[in-house]
Every structure is written in C-alpha cells, then in structure tokens.
C-alpha cells in the first residue's frame with residue numbers, strides 16, 4: 001500500500017520552453033535525485049558566449065539531500081553541464097556504459113575524472129537512491145544506450161521517457177521496451193514526463209536503419225568522388241552506417257573533429273561499433289589514397305563556427321581542402337536557430353564547386369525523437385494519473401497536451417510547466433506550490449556566470465554602434481587641459497576618412513572641460529558624465545548612431 005503522508009516535489013531547472021539544458025530535480029522527504037544535467041547553445045544575441053547551463057542556485061539549498069545524478073543518454077543537452085555541477089557538488093552519477101564513456105572524455109578535459117563517482121547500469125537494472133529507486137528502461141534515440149527512467153517512490157512511480165522514439169528496426173536490434181512501460185502502466189504510474197520535441201509532427205518517425213539505403217545509393221552515385229559526410233558526433237549508429245557503405249565500396253574512412261574522434265574512440269572501446277580492420281585511417285594519411293577511395297566523417301552538421309566542416313568550407317582547415325570533385329553529405333537537420341549558419345556553410349561548399357546533399361534531400365536524415373503517434377502510444381501504455389510534457393518550446397508542450405487529451409486524459413491532470421516552478425504530486429492531488437531560483441548561466445571561456453545582462457547589453461552596443469574613447473589629461477594646479485583630448489574610434493567610423501568629424505568631437509570635449517573647470521574646481525564624476533552626454537548627443541545629431549562613449553581622464 002502506498003504511503004500518502006509525503007508528497008513528491010518536481011522542479012525543472014531547464015528543458016522547458018526551450019531546446020536544451022535539460023535538468024529536473026525530484027524530491028521526496030529528505031532525498032533528492034537529479035535527472036539529466038545538460039547545456040544549451042547560446043542565442044544569437046549572446047555575443048561571445050560559449051555555452052549556456054542551468055542556474056543551480058536551488059541545488060545549494062538541498063545539497064545535503066542529493067543522492068545522485070541519473071542520466072538518460074549521452075547528448076550534450078543532457079550531460080553538458082555535469083562538469084560545472086560536479087565542481088559544486090561531487091555526487092554520484094549513474095548512466096549506461098556509452099553515456100558514461102562519453103562523459104569521461106568531458107570530465108577529463110575539466111580535470112574531474114579521478115574525483116568523479118561514476119556508476120554504470122544497464123537497461124533493466126535499478127539503483128537505490130534514498131527513498132527513490134531508479135529503474136533504467138531501454139529506449140530508442142539517435143544515440144545508443146538511451147534509457148527512460150522510472151523513479152519508484154513510496155508515493156508512486158514517476159516515469160521520465162528521456163529523448164525517445166519507437167524504432168521497430170533499430171541498428172542495434174533492441175527495440176524500445178514497450179512491454180516494461182505497459183507493465184508499469186498496469187500497476188499504476190503516478191506521473192509521466194514525456195519528450196515533446198516532435199509534438200507538431202504527425203505520424204511516426206522513420207527508422208534509423210532506413211538511412212543505410214540512402215548512403216548506399218549516394219556512395220554508388222558518387223563512385224568517382226571523394227565523399228565527406230557531416231553528422232552529429234554522438235550518432236554512432238549513423239556513423240556505423242556510413243562506415244558500412246564505405247567498406248562495401250572499398251573506401252578508407254578518416255575522421256575529423258575532436259568530438260567525433262572522442263565519441264568514436266569511446267564507442268569502439270566499449271564495443272558499440274563494428275569496424276573492419278584497416279578501414280579507419282588517420283586524417284594525416286588522406287593524401288596517400290585516391291580521392292575516390294576516401295570517406296571523411298566530420299563534425300559541423302549545425303554550421304558551428306569552429307567545427308571541422310565549417311573550417312573545410314571556408315578553406316581554413318589544416319588537413320582538408322574542398323574540391324569540385326567532392327560530394328558533401330550533411331546528414332542532419334538544422335536545430336532551430338542554426339538554419340542561417342548551415343546555409344552559409346552550404347553556400348561556401350557550393351562556391352568551391354562541390355556537390356552538396358543536405359536537409360531533406362535524398363532522405364539523408366531521420367529524427368531521433370518520436371512523432372505524434374508514438375507519443376500517444378507511450379501515453380496509452382503508461383496510463384499515468386498526471387501528465388507533464390517536457391523537452392521542447394511552449395508550442396511543443398501545448399501540442400503534446402492536445403495529444404494526451406486525445407488519449408482520454410483528464411485536462412485537470414495535465415500540467416504545462418516552466419523552469420523554476422515547483423509541482424507537488426501525491427495520489428490525491430497535484431498542484432503548483434511555488435517557484436525557486438532558475439534561469440540561464442552563461443559560460444564564456446573559463447568564466448561561469450560572470451557574463452550577465454549588463455555585459456551582454458554592452459557587447460551588443462559595441463557590436464551595433466562601436467566605441468569612441470575620449471582621452472585627456474587635466475592639470476590639477478591650473479584646472480586646465482594639459483593634453484588632448486585624443487579621440488580613438490573602434491567600430492564607429494574610419495578615422496582617416498572622418499577627420500572633420502573627429503576634430504568636431506574634440507571641440508565638443510574641450511568645451512565640456514572648459515565649462516566643468518571654471519572656478520578652479522573639478523567634479524570628476526560630473527566631467528565624465530558631461531563628456532559622455534555631450535559627445536554622444538553631438539554624434540547622434542551628425543550620424544544618427546549612438547556609439548559607446550568612454551572618457552579616460554588622467555590627472556597631473
């Protein structure tokens with residue numbers, strides 16, 4: 001019989017109303033379990049920012065209750081923030097073999113591998129975490145070893161699908177464990193948290209194995225060309241099919257891109273890939289083989305600025321130069337927001353004369369996420385009392401809610417959450433009971449969280465209008481200008497072609513100094529403010545632009 005004295009608190013700190021940085025906190029009594037811990041890529045207006053991670057302020061409040069981090073799979077949006085969290089809380093991490101294999105490379109880069117407490121579980125196994133028992137359930141996704149997590153508690157079972165699809169013919173031969181989900185559904189699931197990424201797509205997602213036929217035909221079509229394939233580094237099933245096609249047509253395979261090399265090495269070491277001997281060659285060896293006997297597998301399917309494919313396209317890659325005889329296959333759809341970057345890369349490749357296959361052409365990509373019919377199957381099998389759509393923008397969550405209603409769920413038992421909201425669940429009730437600190441923490445280089453809205457505002461200002469620096473020296477004894485003002489322009493106008501404008505700016509600055517030094521007294525704060533206001537106003541009147549004005553005043 002279920003205990004009803006305690007309630008389960010669910011607190012998403014990422015992954016809702018956004019794509020990425022998935023992190024959900026589950027609380028029961030004195031125990032806390034964290035499910036996934038991911039990062040997101042910065043928006044276009046986050047100038048200079050490398051990655052975005054969840055705000056984990058709330059975790060400090062419950063630090064002594066955290067029993068562990070449970071991972072659904074090894075994609076960056078689910079494991080990318082773990083190094084930053086482990087630096088704050090060195091708690092145990094639980095995941096499948098490949099997930100932890102990929103994570104180890106990441107922890108090694110951050111110097112955390114020796115201190116990390118990594119625990120490997122296989123699908124079908126469980127681990128006790130205080131009052132929680134986390135059960136790993138096999139699913140299909142665009143990366144091997146993906147699992148759903150069933151959290152068994154005295155108050156009920158919570159099922160989190162992670163990212164999933166229902167693939168009847170998966171590359172590894174193991175279909176999603178629908179039987180176990182159905183079994184849990186019969187016993188009673190308190191709440192279902194389900195992936196909403198493709199909630200606006202009807203029907204079923206195509207099987208990953210369908211890509212193999214596409215590669216086969218493209219390799220046959222490009223028999224006299226060097227073939228370059230860009231895909232997600234973590235999609236080892238996709239890479240396996242590329243290698244299978246290369247072997248069939250007698251080609252050697254070279255790998256470019258650090259993340260691709262790391263994931264491939266982890267997958268080979270753990271036995272997740274089958275690569276015939278002497279198939280792989282080092283990227284430095286590609287010059288020894290005829291072009292039509294080579295396949296290069298690379299990162300950069302999202303047009304990332306420093307990725308291998310982008311550097312190849314813009315002729316700054318140290319090992320590979322694009323040629324008119326190349327066939328480039330981009331085996332991925334652009335993540336929302338990356339469309340322009342991918343388009344730029346495609347354009348550059350075409351300018352070099354290469355043949356480019358991308359996006360929906362020739363079916364070179366299938367999604368790793370369930371479409372509408374698969375989502376309804378999971379809801380129908382799980383038969384949860386409460387349903388919470390997760391992983392997606394608001395429109396995806398709303399559409400997933402509609403799908404749940406089609407399966408007969410009570411609308412009062414469906415919750416569209418937002419990050420930071422606290423959902424309290426029991427057999428008798430479910431309601432939002434408050435909020436906790438949440439949001440985005442920006443990582444720029446080695447700095448974590450030291451770039452905020454004010455810094456981003458200044459960067460945007462500099463990017464849009466540039467900067468004018470006014471340098472002058474004040475003689476304290478005479479309260480007069482001893483040197484300058486000198487005007488330095490960066491990103492505003494080219495000084496040598498705007499000498500009259502710069503001379504006028506000097507006159508304005510001199511006028512301000514004369515006004516502020518009358519009476520042989522100087523208020524430095526007032527002087528700086530007046531220079532900013534007067535010079536800024538003058539430049540706007542002449543150019544209709546507002547550069548950042550930075551006065552630098554020295555005293556002698």
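The values are calculated or read from the model by the stated rules, or taken from the named source; none is laboratory data. Since we're looking at a predicted model, the values are computed, not measured. Backbone-built Cβ (ideal geometry, glycine too); neighbour counts: all protein chains shown.
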Selected residue (only one of 48, 74 is touching a helix residue (DSSP H, G or I) at 6+ places or on another chain (Cβ under 8 Å) and crowded, with 22+ Cβ neighbours inside 10 Å): 74
Test for residue 525: is it out of contact with any helix residue (DSSP H, G or I) (no Cβ under 7 Å at 6 or more places or on another chain), farther than 27 Å from residue 45 by Cβ, in a helix (DSSP H, G or I) and at pLDDT 80 or above: no
Considering (1) touching a residue at least 40 places away in the same chain (Cβ under 8 Å); (2) farther than 22 Å from residue 172 by Cα; (3) surrounded by fewer than 23 Cβ atoms within 10 Å (Cβ to Cβ), say which one residue 256 fails and leave the rest. (3)
Considering only the stretch 289-307, how many residues are in contact (Cβ under 8 Å) with a residue 12 or more places away in the chain and over 18 Å from the mean Cα position of the chain (by Cα)? 9
If you go through the stretch 158-169 one residue at a time, how many are touching a strand residue (DSSP E or B) at 6+ places or on another chain (Cβ under 6 Å), part of a loop (DSSP other than H, G, I, E, B) and either farther than 29 Å from residue 32 by Cβ or outside the structural domain of residue 124 (by TED's automatic domain parsing) (or both)? 1
Tell me the residue from 148, 155, 123 that is within 17 Å of residue 77 (Cβ to Cβ) and assigned by TED's automatic domain parsing to the domain that holds residue 31, please. 148
Residue 182, sole failed condition from (1) touching a residue at least 40 places away in the same chain (Cβ under 8 Å); (2) buried (at least 19 other Cβ atoms within 10 Å of the Cβ); (3) assigned by TED's automatic domain parsing to the domain that holds residue 106: (2)
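This table checks each residue for (1) within 16 Å of residue 98 (Cβ to Cβ); (2) surrounded by 23 or more Cβ atoms within 10 Å (Cβ to Cβ).
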residue: 133; (1), (2): no, no
residue: 140; (1), (2): yes, yes
residue: 146; (1), (2): yes, yes
residue: 155; (1), (2): no, no
residue: 160; (1), (2): no, yes
residue: 188; (1), (2): no, no
Considering only strands (runs of 3 or more DSSP E) wholly within the stretch 375-447, the ones with at least 3 residues that are closer than 21 Å to residue 184 by Cα are 386-390
Residues of the stretch 173-189 being over 14 Å from residue 137 (Cβ atoms) and touching a strand residue (DSSP E or B) at 6+ places or on another chain (Cβ under 9 Å), in sequence order, are 188
I'd like to know if the stretch 404-417 contains one or more residues that are out of contact with any helix residue (DSSP H, G or I) (no Cβ under 7 Å at 6 or more places or on another chain), within 20 Å of residue 14 (Cβ to Cβ) and in contact (Cβ under 8 Å) with a residue 40 or more places away in the chain. yes
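Condition check ((1) under 24 Å from residue 165 (Cβ atoms); (2) at pLDDT 95 or above) across all residues:
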position: 68; (1), (2): no, yes
position: 74; (1), (2): yes, no
position: 80; (1), (2): yes, no
position: 83; (1), (2): no, no
position: 87; (1), (2): no, no
position: 91; (1), (2): no, yes
position: 110; (1), (2): no, no
Filter pass, residue 42 being in a loop (DSSP other than H, G, I, E, B) and assigned by TED's automatic domain parsing to the domain that holds residue 399: yes
Residues within the stretch 312-358 that are in contact with a strand residue (DSSP E or B) (Cβ under 9 Å, 6 or more places away or on another chain) and crowded, with 16+ Cβ neighbours inside 10 Å, tallied: 23
